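Worksheet for the structure shown next.
The values are calculated or read from the model by the stated rules, or taken from the named source; none is laboratory data. Every value quoted in this text rests on a predicted model; they were computed, and no experiment measured them. Note that we place each Cβ from the backbone using ideal geometry, even for glycine, and neighbour counts take in every protein chain shown.
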Amino acid sequence: MTEPLLEVEDLKVHFPVGDEWQKRDRRMVKAVDGVSLSLQRGEVLALAGESGCGKTTLGRSIVGLDKPTKGTIKFKGKAINKLSTEERKVFRQKMQMVFQDPFDSMNPRKTAFEMIAQPLLLNNIVSKTELLPEVLRLFEIVGLSPSKSYLSRSRYHLSGGERQRLSLARSISVKQEIIVADEPVSALDISIQGQVLSLLRQLQKDFQISYIFISHDLSVVRSLADRVIIMYLGQVVEEGTTEEIFKSPKHPYTLALLAAHPIPDPVLSRARPRIVLTGDVPSPINLPSGCRFHMRCPIAESVCSEKQPAFMKFGKSHSVACHFADQIDSKMDNLT
Ligand code: SF4
């Protein structure tokens with residue numbers, strides 16, 4: 001395997017909560033707590049889990065929107081915090097975050113044309129005479145009409161799908177290598193979702209873009225991702241190829257997430273154990289001891305509240321943080 005494009009090692013993002021004057025007693029939200037991952041060129045890595053599991057904070061800290069408390073982020077083998085100011089500027093251009101609805105990230109005073117033209121000029125990608133043809137070319141790639149009326153529209157006059165296409169055009173305009181897409185289709189109608197997902201796939205193929213794809217929707221994850229990371233309360237609980245996660249999940253939390261999602265395969269659907277999660281996700285301020293999932297886990301034993309599980313490996317790419325991952329099938333059979 002070639003050197004990863006991106007490597008994250010033992011990343012922690014902790015935020016203080018409470019008033020500034022309570023400094024001594026301030027408690028910490030451990031939004032991301034010791035996550036490691038790698039991303040290859042042209043790969044789609046999905047981060048999945050319930051709301052509050054830390055997947056968005058992890059994505060934001062990778063692109064530099066949230067400051068990590070600890071850990072290392074490496075781009076092409078070089079730690080970002082060791083880059084010179086110039087190198088860091090180049091690195092930032094190689095990465096962009098695409099939001100659920102890019103409305104807030106778009107300047108209300110700029111037209112669609114200006115939103116694409118600005119990064120092209122700022123980064124000296126084209127001269128002024130080449131600008132219009134290049135903007136039109138990018139519009140065409142992402143499926144936006146290159147008509148004059150479209151070019152002069154502001155963010156208020158674009159639909160959700162059009163705003164998402166425009167934000168993808170911005171990403172490819174400066175030849176970004178990594179896109180961190182945070183629930184990029186969840187606010188769109190089903191028919192538009194399919195179109196934006198096909199566009200993401202096409203851009204990945206044509207421009208060798210790598211994605212960190214954040215989503216709570218496992219059917220979307222299954223259709224797009226090469227590999228999947230399942231997160232719970234700031235930590236990775238299972239990681240594997242999309243096939244390993246969907247066909248032979250080994251963490252009870254992954255099984256519960258999958259049970260809550262209908263799949264278009266009746267055989268697999270019938271064979272899948274039915275786990276219904278009870279209770280809410282515990283507070284990330286006051287984390288449970290041992291395995292963080294033990295209060296909701298249907299197969300928990302006393303060791304689970306005492307000892308944090310280490311990763312158990314199954315083959316080259318599948319890792320599971322559960323004391324009983326190697327006995328998951330028999331444990332699940334005993335439940336029914
Ligand atoms: Fe459940 Fe224990 Fe495994 Fe955690 S370690 S997922 S509590 S069985």
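What tally of residues in the stretch 150-159 results from selecting those that are in contact with a helix residue (DSSP H, G or I) (Cβ under 7 Å, 6 or more places away or on another chain), assigned to a helix (DSSP H, G or I) and either touching a residue at least 40 places away in the same chain (Cβ under 8 Å) or closer than 25 Å to LEU39 by Cα (or both)?
Final tally of qualifying residues: 2.
Between residues in the stretch 304-321 that are over 15 Å from VAL35 (Cα atoms) and residues that are aliphatic (A, V, I, L, M) and within 8 Å of the ligand (Cβ to nearest atom), which pairs lie under 8 Å by C-beta distance while being six or more apart or on different chains?
Taking only residues 6 or more apart or on different chains, the pairs are MET312/ALA321; MET312/ALA325; PHE314/ALA325.
Go through the stretch 235-251 and give me each residue that's within 14 Å of the ligand (Cβ to nearest atom) and under 24 Å from LYS12 (Cβ atoms).
Those that are within 14 Å of the ligand (Cβ to nearest atom) and under 24 Å from LYS12 (Cβ atoms): GLN235, VAL236, VAL237, GLU238, HIS251.
Quick one: which of ILE229, ILE263, ILE275 is more than 10 Å from the ligand (Cβ to nearest atom), at pLDDT 95 or above and outside any helix (DSSP H, G or I)? So that I can check it myself, show each step before the final result.
Values: ILE263 fails: at pLDDT 95 or above; ILE275 fails: at pLDDT 95 or above.
Matching residue, one of ILE229, ILE263, ILE275: ILE229.
Do we find a residue being out of contact with any helix residue (DSSP H, G or I) (no Cβ under 9 Å at 6 or more places or on another chain) and assigned to a helix (DSSP H, G or I) anywhere in the stretch 29-37?
Within the stretch 29-37, not a single residue is out of contact with any helix residue (DSSP H, G or I) (no Cβ under 9 Å at 6 or more places or on another chain) and assigned to a helix (DSSP H, G or I).
Would the stretch 228-237 turn up any residue that is of a type in the set (S, T, N, Q) and surrounded by fewer than 20 Cβ atoms within 10 Å (Cβ to Cβ)? So that I can check it myself, show each step before the final result.
Start the filter on the stretch 228-237 by keeping residues that are of a type in the set (S, T, N, Q), which leaves 235.
With surrounded by fewer than 20 Cβ atoms within 10 Å (Cβ to Cβ) added as a condition, the list becomes none.
No; the residues of the stretch 228-237 include none that is of a type in the set (S, T, N, Q) and surrounded by fewer than 20 Cβ atoms within 10 Å (Cβ to Cβ).
Every residue, every condition in (1) within 30 Å of PHE139 (Cβ to Cβ); (2) touching a helix residue (DSSP H, G or I) at 6+ places or on another chain (Cβ under 7 Å); (3) part of a loop (DSSP other than H, G, I, E, B), yes or no:
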residue: GLU162; (1), (2), (3): yes, no, no
residue: SER167; (1), (2), (3): yes, yes, no
residue: ILE172; (1), (2), (3): yes, yes, no
residue: PRO184; (1), (2), (3): yes, yes, yes
residue: GLN202; (1), (2), (3): yes, no, no
residue: GLU238; (1), (2), (3): no, yes, no
residue: PHE246; (1), (2), (3): no, yes, no
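Can we say PHE91 is in contact with a Phe, Trp or Tyr (Cβ under 8 Å, 6 or more places away or on another chain) and either more than 30 Å from SER283 (Cβ to Cβ) or at pLDDT 90 or above (or both)?
Against the criterion (in contact with a Phe, Trp or Tyr (Cβ under 8 Å, 6 or more places away or on another chain) and either more than 30 Å from SER283 (Cβ to Cβ) or at pLDDT 90 or above (or both)), PHE91 qualifies.
Pairs under 7 Å by beta carbon, first residue assigned to a helix (DSSP H, G or I) in the stretch 130-145, partner of a type in the set (Ser, Thr, Tyr) and surrounded by 14 or more Cβ atoms within 10 Å (Cβ to Cβ), six or more apart or different chains?
As it stands, the answer is LEU138/SER173, since those pairs meet every condition given.
Against the conditions (1) more than 16 Å from the ligand (Cβ to nearest atom); (2) in contact with a Pro (Cβ under 9 Å, 6 or more places away or on another chain); (3) at pLDDT below 90, where does ILE172 fall short? Just the number, please.
(2)
Using the structure shown, decide if THR254 is away from the ligand (no atom under 14 Å from the Cβ), modelled with pLDDT of 90 or more and either within 21 Å of the chain's Cα centre (by Cα) or not hydroxyl-bearing (Ser, Thr, Tyr) (or both). Steps first, answer last, please.
Values: away from the ligand (no atom under 14 Å from the Cβ): no; modelled with pLDDT of 90 or more: yes; either within 21 Å of the chain's Cα centre (by Cα) or not hydroxyl-bearing (Ser, Thr, Tyr) (or both): yes.
No: the conditions fail for THR254.
Step by step: first the residues of the stretch 299-314, then only those that are near the ligand (Cβ under 8 Å from one of its atoms) and either among the polar types (S, T, N, Q) or within 15 Å of ILE328 (Cβ to Cβ) (or both), then the one that is surrounded by the fewest Cβ atoms within 10 Å (Cβ to Cβ). Which residue is that? Can you show your working first?
Filtering the stretch 299-314 for residues near the ligand (Cβ under 8 Å from one of its atoms) gives 299-301, 303-305, 309.
Still in the list and also either among the polar types (S, T, N, Q) or within 15 Å of ILE328 (Cβ to Cβ) (or both): 299-301, 304-305, 309.
Working: ILE299: 19, ALA300: 18, GLU301: 12, CYS304: 22, SER305: 14, PRO309: 20.
By that ranking, first place goes to GLU301.
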